[in-house]
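Below is one structure; the comments refer to it alone.
Nothing in this text is a laboratory measurement; each read-out follows from the coordinates by a stated rule. It should be emphasised that the depicted structure is a prediction, and the values quoted were computed from it without experimental measurement. Every residue, glycine among them, receives a Cβ derived from its backbone with ideal geometry; neighbour counts consider all protein chains shown.
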Amino acid sequence: MSMKSKSPSETIAVSTRFVLPHETNTLGKLFGGALLAWMDEIAAVAAHRHSKRVVVTASINNVSFNVPIDLGDIVTLEAKVSRAFNSSMEVIIDVSIEDRITGAKKPSNQAIYTFVAVDQNGGPINVPEIVPETEEEKKRFDAALRRKQLSLILAGKMKPSEATELKLLFEEK
């Protein structure tokens, strides 16, 4: 059975929420762990939309807490699959805070999660490929391969000399 490739835009998942008192620390800032859970949940929706399978979180590759999120803030999380490999999918989650008066959104955080699609026995199952369309999608698609190669090297599953995409970053032009 051949799988039809998809564009990242077909995987978009968006969630908007208020920051409530039980989700904040003593300074009135959103707990990092609460944000991680929100990101995990919305990223799983994007990965499911791509694979149409049960998905499990394989790793949280990168999280940046750039801007603190305050009690009462309106937070929007947008997740989109940036690249699919055999059974895994890289999902990038962009988090923004909405100005309560103007409605303008300012970026606050970003994370990169990896999900694996699994069958009814919990074993990995192939997913469709992603075909990026916009310039940003193409940049994220290319960067996903470099991140995958780096994590394989760090896990001892790939020799640095085999990481062709990563090597390009360090070669003289």
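Laid out as a table, the results:
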read-out	value
Pairwise Cα inverse-distance average, inverted: Kirkwood Rh of region 59-121 (Å)	13.2
Under 19 Å from Lys159, Cα to Cα: aspartates and glutamates that are on another chain or at least 8 residues apart	Glu171
The chain: angle of helix 32-51 to the longest principal axis, Cα-based, in degrees nearest 10	50
Rounded to whole Å, sorted largest first: equivalent-ellipsoid semi-axes of region 1-60, Cα gyration tensor	31, 12, 7
Chain lengthening between Ile101 and Ala143 when straightened (0.36 nm per residue, less Cα-Cα)	11.5 nm
Neighbour-count ranking [beta-carbon atoms within 10 angstrom, fewest first] of Phe115, Phe65, Phe18	Phe18, Phe65, Phe115
Candidate lysines for bridging to Lys80, where Cα separation is under 16 Å - those fewer than 8 sequence places away on the same chain excluded	Lys6, Lys52, Lys138, Lys139
Gyration tensor (Cα) of region 85-173, equivalent ellipsoid semi-axes in angstrom	29, 21, 13
Sites Glu133 and Asn86 - FRET efficiency at Förster radius 22 Å, r taken between beta-carbons, to 0.05	0.50
Helix 135-154 axis, angle to the chain major axis (alpha carbon atoms, nearest 10°)	70
Under-5 Å amide H pairs with Ser108, H placed in peptide plane, nonlocal only	Val95, Ser96, Ile97
Convex hull per residue volume in Å³, alpha carbons only, for the chain	160
FRET efficiency, Leu150 to Leu20 (Cβ-Cβ, R0 45 Å, nearest 0.05)	0.75
For the chain, built as a Gaussian network whose Cα springs stay under 10 Å, the top-fluctuating residue of Pro160, Pro124, Pro107	Pro160
